[in-house]
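Asks: The structure that follows is given in the form of structure tokens.
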There are 2 protein chains.
Amino acid sequence: MTAGTGGDSRRVVVLAHEKFPDRAKTATGVLKYADYDVVAVLDRDNPGTSARDHRADLPDVPIVASMDDAPEADALLVGIAPIGGGFDESWRDDVRTAIERGCDLISGLHYFLNDDEEFAELAAERGVEINDVRKPHEDLSVSQGRAADVDADIVLTVGTDCSVGKMTVSLELLEAARERGVDAGFIPTGQTGIMISGWGNPVDRVVSDFTAGAVEEMILEVGDDYDVLFVEGQGSIVHPAYSAVTCGILHGAMPDAMVLCHAAGREAIHGYESFEMPPIPEYVDLYESLSAPVSESSVVAGALNTSHLDDGAARDAVDDYAAELDAPAADIVRFDADEVLDAVLGE
Amino acid sequence: MTAGTGGDSRRVVVLAHEKFPDRAKTATGVLKYADYDVVAVLDRDNPGTSARDHRADLPDVPIVASMDDAPEADALLVGIAPIGGGFDESWRDDVRTAIERGCDLISGLHYFLNDDEEFAELAAERGVEINDVRKPHEDLSVSQGRAADVDADIVLTVGTDCSVGKMTVSLELLEAARERGVDAGFIPTGQTGIMISGWGNPVDRVVSDFTAGAVEEMILEVGDDYDVLFVEGQGSIVHPAYSAVTCGILHGAMPDAMVLCHAAGREAIHGYESFEMPPIPEYVDLYESLSAPVSESSVVAGALNTSHLDDGAARDAVDDYAAELDAPAADIVRFDADEVLDAVLGE
């Protein structure tokens, strides 16, 4: 696994009770893409199995029922994010045990573990670190419109909706680019991406005026160290709740190219079913025309999530999607990333 | 003055040192539109003059050099907002004196006066209230996409840039509508609007994920009490730094109609001069096409700020702007609001 950019090889236990693997996006993302040495997954519903038993693309990591059954580790990572980002009290024993065993905590919850009196006290006592990755740092500011000044080409994943695979597509393209020998980096913008990378600004959690600035800051920090930067997009420009973050990332990143991510067959905004999704060409127009006044950019390729379809149906769906986009498209997790990467790199 | 919606008739002193009137948007907004009884303006550069001496559209309020020279009052309102929203130490004596005289504080600075040790202690001692209007309340959340459900028609001001008069246009339309007997209300989204209205969410200061939700919350709160709601827009959809807030307000407000605000002659984004402004029809397309997937809405009229032009040039500029927009337009501060209001109300 080479997608992590932090080079953090700590031994990590990933908490994913009752939601593994399908509703544990952070856990599976960390298992697939992070540099950590994941030594166990906590899932009280599936003790005695392996992550790979549940999904073939995951590594062979044992699942145990609680922290008491976990092997020696350096950190406990909260790998699930309930709606609202709260803390589930049924996890308290595991977190307490982890601290008592000297593990650091890594969490992307909206509920900051540093603000939990018991955990904060115990952590201070045991000298372990609590890393609330969703807590923005203090000196964020407004964008200066300078992201385009860096040496790297900026490739942004944009979406037709939430949860269509923008982070995964960015990370798969990163790996594919590196396999070709391209000096490529990753800009995380959400808690899972940050946990995988070991750094980053939680753009959905910053002060709204600083949305673009939080992205720009990361790009300016590493943009001269790479030839290509894959920026993790968030939400969708037509999302009734999250479009502000999408728009801020678009203008803060000033992309050279965009990859439109979509889930095959989805027709309405997830969780907002009264909002029909517009046709694909309308998305392309919207992203390109909104980007243009800040930085000219094109949707150069598409990434389609076909995980619920059989192979034949998946290939048909990809063909249809490419036709609607009028650009190369693939399910780059299921098939391969070559054609999309060619388009992204202009090759 | 009838635009204030809070009915707050406290006697207020407005702090505007060295920036009155042209760089004191909050001070002049409060003087023109709020229900407060403004008893003095603090400006050490202009003691002995009247607000009206500086701008004919302002009321006849005395300007004094310091809080020591101010008449009896119930509150001190910070009417200027330096870049970055910090606290200017040269104001400390005035703020201290105000608290000592029993005045409440009203401030829209990013620097919260409640967090200033001296002011917080002194305020507790004297029993006065410090109202940091830019501090978002704790239980904001994501939008549910429901603003369109309220009884009121929603009219949103959108802009070609920052500082083109969106708040002023909303308030002038509010007054004009009320003069016609329309039951109209105002949704503030920035610190000046909030100070004028006496309530509201500082949308540019909320967690980015809650941008649309912060607007929706206000509309749901009062939207069934009015026939028309004028929503104060922020920023511009093409602004390199602030577009996220603009986009969140657009989708959170789900407007029935939009009024495009512009400053005559401006050709580049203010403070971001390397970013050329697109042609007016492109703005119209962008706002309408971005709004459509969440709520169908049209730019029905334009508002042009011509304050730096003579009357003849102003009229020419308005005619040109109306032609570019292909819709009625006016400088509704300088001339009258009738034609724009007709378009907004569909009359």
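The values are calculated or read from the model by the stated rules, or taken from the named source; none is laboratory data. A quick note: this is a predicted structure, and the numbers were derived from the prediction, not measured. Here Cβ is always computed from backbone atoms with ideal geometry, including for glycine, and neighbour counts include all displayed protein chains. Each accessible area value is taken on the protein alone, full model and side chains, heavy atoms only, with ligands, DNA and RNA left out. Shrake-Rupley method; radii C 1.70, N 1.55, O 1.52, S 1.80 Å.
Asks: Considering only segment B:186-207, I want to know if a residue exists there that is in a helix (DSSP H, G or I), of a type outside the set (Lys, Arg) and over 26 Å from B:VAL78 (Cα atoms).
Replies: Within segment B:186-207, none of the residues are in a helix (DSSP H, G or I), of a type outside the set (Lys, Arg) and over 26 Å from B:VAL78 (Cα atoms).
Asks: Something else: Any chance segment B:295-311 includes a residue that's buried (at least 19 other Cβ atoms within 10 Å of the Cβ), in a helix (DSSP H, G or I), touching a residue at least 60 places away in the same chain (Cβ under 8 Å) and within 24 Å of the chain's Cα centre (by Cα)? Break it down stepwise before answering.
Replies: Pass one, segment B:295-311, residues buried (at least 19 other Cβ atoms within 10 Å of the Cβ): B:297, B:299-306.
Next, only the ones that are in a helix (DSSP H, G or I) stay: none.
The answer is no, given that none of the residues of segment B:295-311 is buried (at least 19 other Cβ atoms within 10 Å of the Cβ), in a helix (DSSP H, G or I), touching a residue at least 60 places away in the same chain (Cβ under 8 Å) and within 24 Å of the chain's Cα centre (by Cα).
Asks: Scan segment B:132-169 residue by residue and report those that are more than 14 Å from chain A (Cβ to nearest Cβ) and either closer than 13 Å to B:LEU260 by Cβ or in contact with a Cys (Cβ under 7 Å, 6 or more places away or on another chain) (or both).
Replies: B:VAL155, B:LEU156, B:THR157, B:VAL164, B:GLY165, B:LYS166, B:VAL169
Asks: Next question. Which of the residues belonging to segment B:66-92 are touching a residue at least 60 places away in the same chain (Cβ under 8 Å), touching a Ser or Thr at 6+ places or on another chain (Cβ under 9 Å), open to solvent by less than 30 Å² (accessible area, probe 1.4 Å) and of a type outside the set (Val, Ile, Thr)?
Replies: Scanning segment B:66-92 gives B:LEU76, B:LEU77, B:GLY79.
Asks: Can you name the residue in segment B:170-190 that is farther than 17 Å from B:MET258 by Cα and touching a Leu at 6+ places or on another chain (Cβ under 8 Å) and, of all such residues, is surrounded by the fewest Cβ atoms within 10 Å (Cβ to Cβ)?
Replies: B:ARG180
Asks: Continuing with the same structure: Return the pairs, sorted by first residue and then second, in which the second residue is aliphatic (A, V, I, L, M) and open to solvent by 30 Å² or more (accessible area, probe 1.4 Å), the first residue lies in segment A:94-122 and is under 21 Å from A:ASP43 (Cβ atoms) and assigned by TED's automatic domain parsing to the domain that holds A:ALA16, the beta carbons are less than 7 Å apart, and the residues are 6+ apart or on different chains.
Replies: Taking only residues 6 or more apart or on different chains, the pairs are A:GLY108/A:ALA81; A:LEU109/A:ALA81.
Asks: Take the conditions surrounded by fewer than 16 Cβ atoms within 10 Å (Cβ to Cβ) and either hydrophobic (A, V, I, L, M, F, W, C) or in a loop (DSSP other than H, G, I, E, B) (or both) and apply them to A:ASP316. Does it pass? Before the answer, list the steps.
Replies: Details: surrounded by fewer than 16 Cβ atoms within 10 Å (Cβ to Cβ): yes; either hydrophobic (A, V, I, L, M, F, W, C) or in a loop (DSSP other than H, G, I, E, B) (or both): no.
No: the conditions fail for A:ASP316.
Asks: Can you pull out the residues in segment A:113-131 that are touching an Asp or Glu at 6+ places or on another chain (Cβ under 8 Å) and surrounded by 17 or more Cβ atoms within 10 Å (Cβ to Cβ)?
Replies: A:LEU113, A:LEU122, A:ALA123, A:VAL128, A:ILE130, A:ASN131
Asks: Just one of (1) touching a helix residue (DSSP H, G or I) at 6+ places or on another chain (Cβ under 9 Å); (2) not in a helix (DSSP H, G or I) trips up B:PRO281, so point out which.
Replies: Of everything listed in (1) touching a helix residue (DSSP H, G or I) at 6+ places or on another chain (Cβ under 9 Å); (2) not in a helix (DSSP H, G or I), B:PRO281 misses just condition (2).
Asks: Can I ask one more? State all residues of segment A:221-243 that are touching a residue at least 12 places away in the same chain (Cβ under 8 Å), open to solvent by less than 10 Å² (accessible area, probe 1.4 Å) and within 13 Å of A:THR160 (Cα to Cα); if no residue qualifies, say none.
Replies: A:GLY233, A:GLY235, A:SER236, A:ILE237, A:VAL238, A:HIS239, A:PRO240
Asks: If you don't mind, another one. If I go through segment B:191-208 residue by residue, how many of them are within 14 Å of chain A (Cβ to nearest Cβ), open to solvent by 20 Å² or more (accessible area, probe 1.4 Å) and of a type outside the set (Val, Ile, Thr)?
Replies: 2
Asks: Please state which one of A:GLU288, A:GLU276 is surrounded by fewer than 18 Cβ atoms within 10 Å (Cβ to Cβ) and touching a Ser or Thr at 6+ places or on another chain (Cβ under 7 Å).
Replies: Only one candidate qualifies: A:GLU288.
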